[in-house]
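Structure, as structure tokens:
The values are calculated or read from the model by the stated rules, or taken from the named source; none is laboratory data. The shown structure was predicted, so the numbers you read here are calculated from the model rather than taken from an experiment. Cβ placement follows ideal geometry from the backbone for every residue including glycine, while neighbour counts extend to all protein chains displayed. All accessible areas refer to the heavy atoms of the entire protein, side chains included, with ligands and DNA or RNA removed. Shrake-Rupley method; radii C 1.70, N 1.55, O 1.52, S 1.80 Å.
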Amino acid sequence: MSNPAFRWGVATSAFQIEGAARDDGRGPSIWDTFAQVPGAVANGDTGDVAADHYHRWAEDVRLLVDLGVDAYRFSVSWSRVQPEGRGRIERRGLDFYRRLVESLLDNGIEPFVTLYHWDLPQALEDEGGWRTRSTAGWFADYAALVHDELGDVVRKWTTLNEPYCSAVVGYGEGRHAPGAREGHGSLAAAHHLLLGHGLAVQAMRAGGEPGEFGIVLNQSPAVPVTDSPADVAAATRQDVLLRRQFTDPLFGGAYPDEMTSMFGDISDFSFRHDGDLEVIGQPLDYVGLNYYYRLHVADAPHREPDPAKRTAHDIGVDTTRLPDVPRTGMGWPVEPEGMTVALADLKARHPGLPPVYVTENGCVYPDNADFEDAERIAFLGDHIAAAQAAGVDLRGYFCWSLLDNFEWAHGYKHRFGLVHVDYQTLQRTPRASYHWYRAHIAKARQGS
Ligand code: FCB
């Protein structure tokens, strides 16, 4: 990569690494609650300690410095700075992020702040969570608060991480917090997340400090398993649910027409109000795309024939027919060409797309005794090359993740870190991929 402005980075999120769940006045989030539900998270794991980053952040900044990254993407825990999600401010929470940002800047590392990485304050969930319109307004207030506090030192602001997962996996499938299985509620959640994004961007821009504002979307392109019209239509439905429900209103000013036929029997869309699309679709300074795998889609009957009971992810598709390609330790198909397609597709659909960052990409493999993770090194190298081949205005690449961390419903079982974390001692040990990434960055800089 011969562009000196290109940002090489790593990403984390608050709930997955911070721990210190009850320290310094932090309130519970939906993930604290969900982790208490028997069977919700593998092995009964919780975020109480995680990688203990809240206490070990200075050591983690040193790891970033030694890695040689230009940028660090992390998220702010809403319930650490507003324990009830609105109103009362917890100064100790804000001070934590101020210390972290200043330390990054002292070391020449640019902070990329994500405001919402899935950890809604439980108090707001108790009032309906993302199903209700008011949550979008509270989110904008929270964004303005954090921006007021850090807008003098942070330039890169991301509103939401992967609203698809918050809405559909959280309120549709129920595999993520808050563990709901709904049709209309999940679609309403998606809309209110987008509305909250738009309101937050407006509020932060009104704050006056210079800044760049964007959103992070997960992009798993859907490939029909055959070229039969039924499978092709199924892949279209999958893309509408996962990608276009978000990208069309953000970059095209309208929801996909297909949503009416797909969901007309489970939702009346009454949550969409006049003027919302203008708020949602305002211009952004960048878009962050997360890519892990493609989806291979076959037509299949609805799992739940009764529309009254149907959830929003039940769109008559089967995504289990994987091609004969290598898999990661989580079973995800390894297809770097999907990275190219994910980026190029979005640019093709929306030629006015803002500059792009790959804000997450990474994998899991079983460790060997020396933490020589050759598969991860190959995975990252191939995916970086695939991103650079996409022909989009690519401004940076962030590896997921700096550290092993709480992998949501999988708990601590799956390890995405360039750095291994021993969850008994909390000792950090860089894997071979950490050293490889440092060398890759140094070489890329030399070429620039
Ligand atoms: C993404 C999430 C991130 C992490 C990776 C593996 O969907 O944004 O927090 O869990 O998957």
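A few notes on this one:
- Accessible-area value, Ser261, 1.4 Å probe, nucleic acids and ligands omitted, Å²: 100
- Long-range HN-HN contacts of Arg395 with modeled amide H, under 5 Å: Val356, Tyr357, Val358
- Taking every protein chain into account, the accessible area of the chain amounts to 36 square angstrom per residue (probe 1.4 Å).
- Heavy-atom SASA rank of Lys156, Lys413 (probe 1.4 Å, accessible area, largest first): Lys413, Lys156
- Amide hydrogen proximity for Met330: with H placed 1.01 Å from N in the peptide plane, the residues at 5 or more positions away or on another chain lying under 5 Å are Val364.
- Whether segment 240-375 is rounded, prolate or oblate, judged on the alpha carbon gyration tensor where a/c under 1.5 counts as rounded: oblate
- Residue-wise HN-Hα couplings along segment 190-205, as the Karplus relation 6.51 cos²θ - 1.76 cosθ + 1.60 with θ = phi - 60° gives them from phi, are 4, 5, 5, 4, 5, 4, x, 4, x, 5, 5, 4, 4, 5, 6, 4 Hz; Gly and Pro carry x.
- Residues Asp314, Asp126 ordered from highest to lowest accessible area at a 1.4 Å probe: Asp126, Asp314.
- Long-range amide H partners of Val10 with built H, under 5 Å: Ala71, Arg73, Cys399
- Shape summary of the chain, radius of gyration then Dmax from alpha carbon positions: 20.6, 60 Å.
- Subset of Lys156/Lys347; Lys413/Lys443; Lys156/Lys443 violating a 31 Å alpha-carbon distance limit: Lys413/Lys443
- Inter-label distance for Val232 and Ser134, nm, one decimal - labels placed 7 Å from Cα along Cα-to-Cβ: 4.8
- Nearest-10 value in Å² for the accessible area of Arg62, using the 1.4 Å probe: 150
- Segment 170-213 residues near the modelled His273 label - backbone nitrogen below 12 Å, point 7 Å along Cα→Cβ: 192, 195-196
- Accessible area (Å², 1.4 Å probe, nearest 10) - Glu278: 130
- Modelled label positions at Gln36 and Asp152, each set 7 Å beyond Cα in the direction of Cβ, lie 3.9 nm from each other.
- Approximating the spin labels as points 7 Å out from Cα along Cα→Cβ, the Thr425-to-Ala348 distance works out to 5.1 nm.
- Whole-percent carbon and sulfur share, accessible surface of the chain, 1.4 Å: 50
- Per-residue Karplus couplings for segment 133-141, computed as 6.51 cos²θ - 1.76 cosθ + 1.60 with θ equal to phi - 60°, are listed in order as 5, 4, 4, 4, x, 5, 5, 5, 4 Hz, Gly and Pro entered as x.
- Computed from backbone phi with θ = phi - 60° and the Karplus coefficients 6.51, -1.76 and 1.60, the 3J(HN,Hα) list for segment 215-221 is 9, 10, 10, 7, 10, 10, x Hz; x is used for glycine and proline.
- Shown for segment 51-154 is the translational diffusion coefficient from the Stokes-Einstein equation, using the Kirkwood radius over Cα pairs, a temperature of 10 °C and a viscosity of 1.306 mPa s: 109 µm²/s.
- DSSP-defined antiparallel bridges as percent of all bridges, the chain, nearest 5: 15
- Neighbours of Asp152 by Cβ distance under 12 Å: Lys/Arg scored +1, Asp/Glu scored -1, total -2.
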